[in-house]
Each structure stands twice: as C-alpha cells, then as structure tokens.
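Quick notes on the structure that follows.
The values are calculated or read from the model by the stated rules, or taken from the named source; none is laboratory data. Model, not experiment: these values are computed from the prediction. Methodologically, a virtual Cβ is constructed for each residue, glycine included, from the backbone with ideal geometry; neighbour enumeration extends over all protein chains shown. In case anyone asks, the SASA skips ligands and DNA or RNA and just uses the protein heavy atoms, side chains included. Shrake-Rupley method; radii C 1.70, N 1.55, O 1.52, S 1.80 Å.
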Amino acid sequence: MKMSTTYHVLKKEMELKKFIGFKSKLESMSICALIKEGPKLMFCNDEDLSFPSTERIKNSDVFWMILEKKIRNTFITKGESCMDSIPYERTPVLLDVVNLQTPKIPPYSVLRTLLLMCHTLTHFETLVLMYPSAMHIELPNGDLALHRVIQQQGGGYKNKNLIENMIYRGIVENVGGTEGFGGLNVKNKVGRTPLSLIYGFVVIYATKDANNPRWRWFTALIQKAVFIHFHKSEYISKGYNHSDISTDEMEKVPLLHAALQIGSPIGLMNQMIHCCTPEDFCRCDYLGRTPLMISLNNKNSSAEIVMRVFHLTPVKVLNLLKIDKEGDNPLHRIIKNGIKYRGSKRKDEVALIGTIVEYSPMALEVEDDVLGMVPFMLASIDDVWSLSVIYGLLRTAPWTLERHL
C-alpha cells in the first residue's frame, strides 16, 4: 500500500516536471520559433517531452495561451488592450498561426485575438474555415466576423460566396442562437445587424431597383437563409450546400414571408410591402402561415410593420380568430411578444392595443390556450406593458376579472 502511494507521488512529480519543462521551453521561444516548433513538442517521441493524448490536449491550451500572450505583447502597443482591431502591418504571422495543427482547438480568448488580427478576405476565410466557432465571437464593439466582412467588402456583393458560406455555416452552427439566422440578426453595440448592413449597401448601389443584380442577390439571400433555417437538420444529415437550393424550393418561403420571418429592417419591409398585392397577404408559405401570422409570432417585429400588415390583410383572413397552433389571436400575440412601436410611449401602446381591440372586441374575453389567461392578465406578466394598457384592457372588459376570482 505504501509502495503504491509512493509510486503515484513520484509519477505526479515526474508529470509536473515534464509540464514545467514544456511550459518553460515554450516561453523561451520567439513567436516564429513557437509557431514552427511548439506544436511538434506535443507529438515528438523524445522521452522527456512526449505526453499521453490527455496530456497533449491539456498542454495544447498552454501552448495557445502562451502564443496569444506573445502576440499581444509583440503586436499590440501599450494602452491598446481594448482596441477594435490589430493594425494590418502588425499581422504578418496570422495565417501561420491559423494553420497550426494542435490536439485541441484554440480557447475562446485566443480566437478572439486572431479575429482582431483579420484584415483581408483571406484572413477571415481561413480563420472561419479552420475554426467555425470563431463565428460566435463578439469583438469589443459587438461585431461578429460577419459584421467585419460585410463592412470591409462593401456589403459583400463582390464576394458573394464568402458571405453566403459564412451565413449558411452560421445557421448550422447556431450563431446568434436558434433564431439568429447565422448571425444575420445579431446586433453590435450600436444596434446594427449584418442584415441591416447589407441592406444599407444594397440601397446605396442598387437604389432599390428590384431588377438590379445586387438587389436580386440580397432578396435571394434572405429566402435561402430562412429556407435553410427550417431545413437545417436535413441539410446537415445529407451534406447539402446552399448552392443546392433550387428556385422551386425557395418559393416555398415567399419573399414577404421570409423577410418578416428574419426580422428585416423597417426600410426594407416598407419597400417590400409597398410592392405587394392584396393576394400576397392571403398567401400561405409551405407551413400554412400568412404574413400576419409570421409577423405576430416574431418577437423582433416592430409594431409599425405588424400594423401595416394587419391593415393590408383582407378581412376574410383576419376573421380567422385562432391564428396558430397555440390558439392565440392577434391581441394575444402582440401582448405576449411585447410588440411595440420604436421608442413608444404610453399613449402609443394604448393606441396600438386599442386598434386591435377595436377590430375584434371579443378577443378581450378569449383565454390563450397555454396559460389560460385573458389579455389583461397576459399584459401583467414580466413588467412589459404599462399600467395604462393593463387597466385599459380591464376597464374595457371588467367582467373578465370576475371569471378569474
């Protein structure tokens, strides 16, 4: 028993010495030597420097952290630790670093430093190809890699393949969450999304001409992103690429429906709505949803767009009280999703709810199927709506309170 304990102690001491020797050797190297020789140390057969696979994985993190520290000390001057990017002239080693093969991918902090060093399409493309998780990383100003590529490439039209690959790979990787659409909906610190950035460049270069190639590419991009969003598991299992999507498949998600689903900028939505016919507001996508259903179910929808779609939707469609599988009507949806006007005040909220109630007064008495609550009770949840709205709903239908006492 005692010999066994001694053996394990000696083994731990040997492993610690080996680790310290490995760490010291890495720290003594220059950046160029570290890039060239560092990864080999984890695979060499020399008895003093060889490690089991678990040790190689653990020491891979040590290697990356030391390399990142050397990169920051060498290429970032004092006082620039909170910068948005590392100047281009300081990034001669970026591609060498990105192409390194180690037992474990770089930690988040290292990928963030590498992303700061990216300045060219080759940089971004190589980094994202080698490490797809880099697409999740937010820089100090809130930008993703997708923001940067779009900003640097004038909206991305000249390098359509890179933009499309990043978006569709981002959908597979759930960049921005399950409703992030590959990062298209992720806001930076000034509230700009990659989708709004692309739209801004499209307006500048295409002047809202629906026949302009740049405009056609942008609208097809939205339709494809939404289509893949709903067929993600199929595309992963069958190894499909975004270029495999046919025109017929894209038409399963009409442009108006796709733009509403993805939460397009208000300017883009106003333009699309202006070009629509009354039949477009009755049309269902392959999931059986009208534009009104989609806009009411999207928490990113603004009241400006929802109300335009509401007023343009024919009465025969509006008369369908239950609009989704949860049995919610428009009033339920607006309250649950907190759909409001931009910068709305109390009077705007009251006017918004009043418009819906005026169309369908009976909605005040209808309980939602999930929580079993009438509208005034739904508005009381989570401090989303003002007391003016809550009391307004209650005063308009006071008898609903009696039913729940």
So what's the gap between the Cα centers of region 119-169 and region 362-405, to the nearest angstrom? 46 Å
Phi angles of region 245-260, converted by Karplus (6.51 cos²θ - 1.76 cosθ + 1.60, θ = phi - 60°) into ³J(HN,Hα) in whole Hz with x for Gly and Pro, give 6, 8, 4, 4, 5, 4, 6, 5, 10, x, 4, 4, 5, 5, 5, 5
Accessible-area composition of region 228-309, carbon plus sulfur, in percent [1.4 Å probe]: 51 percent
Lys and Arg at +1, Asp and Glu at -1: neighbours of Val306 with Cβ under 10 Å from its Cβ sum to +2
May I ask you to list the GluC sites (Glu not before Pro) in region 209-316 that are in a DSSP loop and have at most 16 other Cβ atoms within 10 Å of their Cβ? Glu251
Summed residue charge, Cβ within 12 Å of Arg283's Cβ, Lys/Arg positive, Asp/Glu negative: -2
So, with a 1.4 angstrom probe, what is the percent of accessible area on region 328-405 that is carbon and sulfur? 56 percent
Once Ser30, Ser264 are ranked on solvent-accessible area with the largest value leading and a 1.4 Å probe, the list reads Ser30, Ser264
